[in-house]
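The values are calculated or read from the model by the stated rules, or taken from the named source; none is laboratory data. Please read these numbers as outputs of a predicted model, since none were measured by experiment. Note: ideal-geometry Cβ built from the backbone for every residue, glycine included; neighbour counts use all protein chains shown. Just the protein is used for accessible areas: all its heavy atoms, side chains included, with ligands, DNA and RNA removed. Shrake-Rupley method; radii C 1.70, N 1.55, O 1.52, S 1.80 Å.
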Amino acid sequence: MPQLPRVVWALGGGGARGLAHLGVLRVLEEEQIPVSGLVGTSMGAVVAAAYAAGGRLDYLSRVAASLSWERLWDFRFPRMGLINGERVMAVLRLLTKKKRLEELKPPVWVVATDLLTGTEVVFKEGSLEPALRASISIPGVFTPVEYGKYLLVDGGVVAGVPAGIARQMGADLVIAVNVSYDPPPLPPGNIFEVLMKTVEIMGARLTEAQVAQADLVLTPRVGHVGTGHFSRAADCIAAGEEAARRMLPAIRHLLGRARPGLAACGCEGQEAFYNTGPA
């Protein structure tokens, strides 16, 4: 029987839009699409860690849709950030069962950015808590994380869709999930929206270059949802599920192309993004 290719999924950041990853994972589970590893940035890292820690997708989806996210913002005097993040981390500790990265199945890597050098920092082992706290730390919104010689913020600053990092996990195939934002021409309503829209705009071109490193890209239709619009959680999860089902023929075609002899499904007429250049 032909061996399945090693497929690593790169889950991009995007705040509330990143909850679409839950819908994508639900379809992958139902359709028995291989997930050999997960590399996540920001909300992509949160979803990957909660899932790989053993969280059932139905449960995680219910939590995401019912949680009063606004109550998790623990404001502080803004010296280096507006939110301390302890309330958010209390929830994440419960969802990830206080596991370490090396205990997660499938394996998960978490991406953050070092403010001092401007380079990516990839957590591959150790405690999940500092990794997730760093990866979600939108500059100006969350206080940065001091970790050893690093001063860490959101991984989206350098790797909004970490496809290239996923390749380093020993992937035969990298499939990315891009939950990018299409900002409406409306003025921001508060300081959070100012900061979040600024980061999104700065990362837009970088994201284009990163998704080109994937073999296939899924793009849930959540571009109209703002980073902080967690009240739209159910809509985002449904959009992720819809995107994965829409792309199932393309995914199966790619798996069959990677390992001749595997059952493959034609994908004529399907929306797909293939990178046919060298890895």
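Within the range 199-214, identify whether any single residue is touching a Ser or Thr at 6+ places or on another chain (Cβ under 6 Å) and either part of a loop (DSSP other than H, G, I, E, B) or among the aliphatic types (A, V, I, L, M) (or both), and answer yes or no.
Narrowing the range 199-214 to residues touching a Ser or Thr at 6+ places or on another chain (Cβ under 6 Å): 207.
Subset that is either part of a loop (DSSP other than H, G, I, E, B) or among the aliphatic types (A, V, I, L, M) (or both): none.
Within the range 199-214, none of the residues are touching a Ser or Thr at 6+ places or on another chain (Cβ under 6 Å) and either part of a loop (DSSP other than H, G, I, E, B) or among the aliphatic types (A, V, I, L, M) (or both).
Only residues that are out of contact with any Phe, Trp or Tyr (no Cβ under 8 Å at 6 or more places or on another chain), under 24 Å from T113 (Cα atoms) and not aliphatic (A, V, I, L, M) were counted in the range 22-43, giving 2. Just give me the residues in the range 215-260 being assigned to a helix (DSSP H, G or I), closer than 28 Å to M169 by Cα and of a type in the set (A, V, I, L, M, F, W, C), in sequence order. Residues satisfying the conditions are C236, I237, A239, A243, A244, L248, A250, I251, L254, L255, A258.
Of the residues that sit in the range 1-14 and are open to solvent by 10 Å² or more (accessible area, probe 1.4 Å) and not polar (S, T, N, Q), which one is nearest to P107 (Cα to Cα)? Lay out the reasoning, then the answer.
Within the range 1-14, the first condition is being open to solvent by 10 Å² or more (accessible area, probe 1.4 Å), and the residues that meet it are 1-4, 6, 13.
Those still in the list that are not polar (S, T, N, Q) too: 1-2, 4, 6, 13.
Working: M1: 25, P2: 23, L4: 17, R6: 12, G13: 18 Å.
Out of the qualifying residues, it is R6.
Answer yes or no as to whether V161 is within 30 Å of G256 (Cα to Cα) and in contact with a strand residue (DSSP E or B) (Cβ under 8 Å, 6 or more places away or on another chain). Taking the combined requirement at face value, the residue satisfies it. Scanning the range 16-33 for residues that are open to solvent by 10 Å² or more (accessible area, probe 1.4 Å) and either within 19 Å of T207 (Cα to Cα) or not in a helix (DSSP H, G or I) (or both) yields E31, Q32, I33.
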